Every structure is written in C-alpha cells, then in structure tokens.
Amino acid sequence: MNPGKIRTNFGKKGLLALFALLLVLPLLALPAANSAQAAAASGAAGRTKTVIGVSVATLWKSPGLARSIDAPSLAAPVDMKTWTNAMNTASKRRWLTGKTETQALYGSEVKIVQARGSWSQVVVTDQATSKSRYGYPGWLPTAQLQAVPAGEWSGTSGSEAVVSAKTAALYKADGRSRLLDVSFGTRLPVVSASGPWIEVRTPQHGTARLSAADAKLVAAGRPEDRPTGQQLVDTGKAFLGLPYLWAGTSAYGFDCSGFTGAIYAYAGIALPRDASEQALAGKAVTKANLQPGDLMFFAHNNGKGKVHHVAMYVGDGKMMHSPKAGKTVEIIPIATAGYANEFSAARRYLND
C-alpha cells in the first residue's frame, strides 16, 4: 500500500477536519471516574457547569510538582491559612515561581480540558489570557471541582453576592454551623437577602448564609456602577501588609497582577490575568497625567523590554503593589529605585 497515495486521497478538506477534531477533543476530555464532572463537561445538553468547589483552588503548571508543605492547598476542603503560614520564608514562597499558574475562587466556572490520574487540567473562564481563548489554564486536584445546575449559576437568580471582607464565613441555613471561609471577590448567586443575612447558592452545600456585612449585592449579568479611581485605591488599601504569593488571586496572597485584577474585578471590571496583557487593555495615559486607580507597568531593559510588573497609582506620586516573594502589599514613591528606571507605560480602565 502506498502511504503517499493514502494522504493524497484523504485530501485537504479531510486534513482540515482532522485538525479541527484534534483541537476540540482536549476540551471534551473528562475524568472518567467522576460522573458528575463528566456530565458537567459534556454539558449534559448544557444542563450543568463545572465550578470550583473549594474556597481557593491553586492551579499548577503540571501534576506532581507540589511539596509536602503544599498539601493543605491540594485538599478538599483546602486550608489556605495553614498553607500560607507554612511558607514562612521568602525562599519557600519563591519556590512557587513558575510552578503555579493562577488561582480560582469558590464558585468560579471552569472547563475541563483533560484528566491525568486524580488531577484535571482546566481553564478558568473569567480569567482572560492569550494562552487560551477559553480562559487561564492550569492543573488542580479533580476533587476540588464540582458540577452544578447551569440554571443556578448563570445569573438567572437576579443578583450575586460579592464578598467585600478579606475573608467571610459561609454558614448552614441555621446561621450557626460554619461551612467554610471564602475570599474577597468571591461571587455567589443570591437566593434571598433580608436583614443581617444573605442566602446564597453554593456548589455542594445547597443554600448557605453569608453575613450581609461581609458582601455587596449586584445585579447578575448587568454592568455594575463604575467606581471612582479613589474607590479602587481604598479597596486595595485593605490589603496593605498582605504577603506576596506567586499566582495568588485571593485575600490569602496576591501576585502583582492578581492584586490589581482582583481590585478591578470586585468593581465589576474584568482585566486580563497577567501584567503583560493588562498593559494592553484600557487606554494609554502619560506618566504626567496619572490619576488614582490607573495602573503602571514596569519592563526589563529600562522599560523597553517585556512587562514584568504592575502597580496601581494612588496619588501624590505614590503607587501600591504586591511586589515579590518576601515582601507585602505596600505603598511606595513611584520614584523608588528599581521601579523609576523600569517604568514602561500606564493604562486607564475607567471613563473620564
């Protein structure tokens, strides 16, 4: 048999069809042992979604990279306080660089790409990136995923509760039995809101209660009122002193773009996940025309190379940022050595 003749008979259309199939297949791959997640990813005719079922899920570059001290972040439920407290030196936190990709908050929608043993590769659909048009990719333990009815997670309930406290406790319907703590920025569908409590839907606990003092209510699926730049700055100041965490997007630790992205996301403004891509969103502003809430970007080669850092302008010639492992969220002069010479650009995402 002539292989060359087989390729010719297959034709260009056949090759294109095969190539398209190969692109789609990874998004259909499912953990065979988890029928609930299989239904979620196949969509069961679009009736279910897959969401994060732990307070904060950490996505890794690949399975098998974690250390023993990372075990609390791999469990279901996770123990973020124990994990972050165990990384009590800069070197322990710096070790995560290049090994973890991002984090996703409780209830965030993901799509399963493929499975490997007890791990799943997913994309986080609300984190924009050039790495995938479906969302930000990474690996996490499959046990941290949960299937939910799509109708209950699509905003049809009318409103969402957005956690405004650094962390907030979710309680059972009795208001006394604690279920878990969730991070700032977590969004959950609202069942009802009355007095001191907001009743919300959860991925695996049914209806739960959240203190009204710990969250704000927004209309689901509708644009939120635009904040002022000063409101963004004030939101960020609540995290001053929080230790840096590579790939962090939660109140248990932020990386630089995780910090700026979380502040804007709380206000209903979605930015790309990474600093280099946040630098391409919004509109350009000059350094001389900076306003509170604008983002400043820093690049290698004295500001002419690749963007590697982002900070928020707070006014009075100062900026707020989550700098690097061993440091905490801080406010410093924009003229600080090591930053002044690497300033690359500034962007604004609010209407004037």
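What share of Cα pairs, in percent, lie more than 14 angstrom apart in the range 131-178? Walk me through the numbers before you get to the answer.
Values: 860 of 1128 pairs.
Within the range 131-178, distances greater than 14 Å cover 76 percent of Cα pairs.
Once you've got the GNM for the chain with C-alpha springs shorter than 10 Å, pick whichever of LEU245, LEU145, LEU170 has the biggest mean-square fluctuation.
LEU170
Return the Rg/Rh value of the chain, two decimal places, where both radii are evaluated on C-alpha atoms and Rh is the Kirkwood radius. Don't skip to the end; give the middle numbers.
Numbers: Rg = 21.7 Å, Rh = 21.5 Å.
Rg divided by Rh gives 1.01.
By how many nm would the segment from ARG226 to GLN114 grow when fully extended, if each residue of separation counts as 0.36 nm and the alpha-carbon distance is taken off?
Values: separation 112, 0.36 × 112 = 40.32 nm, distance 3.78 nm.
The span from ARG226 to GLN114 would gain 36.5 nm if fully extended.
Which semi-axis lengths, in whole Å and largest first, follow from the square roots of five times the eigenvalues of the Cα gyration tensor of the range 261-352? Could you put the intermediate results ahead of the total?
Values: eigenvalues 67, 43, 40 Å².
After scaling each eigenvalue by five and taking roots: 18, 15, 14 Å.
Just to be sure I understand: with springs between alpha-carbon atoms less than 10 Å apart, which residue in GLY261, GLY195, GLY338 has the highest mean-square fluctuation in the Gaussian network model of the chain?
GLY195
Normalised by the residues of the chain, what does the relative contact order come to in percent, with Cα pairs under 8 Å and at least six apart? Don't jump to the answer; show the numbers that get you there.
Numbers: 787 pairs, mean separation 49.3, N = 352.
Relative contact order for the chain comes out at 14 percent.
Take the chain, connect every pair of alpha-carbon atoms lying under 10 Å apart with a spring to form a Gaussian network, then pick out the residue of LEU271, LEU188, LEU180 with the largest mean-square fluctuation.
LEU180
Which value, in debye to the nearest 20, describes the size of the charge dipole of the chain about its Cα centre when Lys and Arg Cβ atoms bear +1, Asp and Glu Cβ atoms bear -1, and nothing else is charged? Write out the running numbers ahead of the final one.
Working: 38 positive and 22 negative charges, 231 e Å.
Using Cβ point charges on Lys, Arg, Asp and Glu, the chain gives about 1100 debye.
Which three lengths, in whole Å and largest first, does the range 155-219 cover when its Cα atoms are put on their principal axes?
28, 24, 23
Taking only complete DSSP H runs, can you tell me which helices of the chain stretch 30 Å or more along their own long axis by Cα positions and average at least -0.5 on the Kyte-Doolittle scale? Kindly include the intermediate steps, with their values, before the conclusion.
Numbers: long enough: 3-28 (32 Å, 1.05).
Helices passing the filter in the chain: 3-28.
Would you mind pulling out the separation of the Cα centroids of the range 237-285 and the range 103-120, in Å?
Comparing the Cα centres of the range 237-285 and the range 103-120, I get a distance of 21 Å.
Arrange the following residues from fewest to most other Cβ atoms within 10 Å of their Cβ: MET312, MET296.
Working: MET312 26, MET296 23.
Result, fewest neighbours first: MET296, MET312.
Values in this text are rule-based calculations from the coordinates and carry no lab data. Here the structure is a predicted model, which means the values were calculated and not measured. Here the Cβ is made from the backbone with ideal geometry for all residues, glycine too, and neighbour counts use every protein chain on show.
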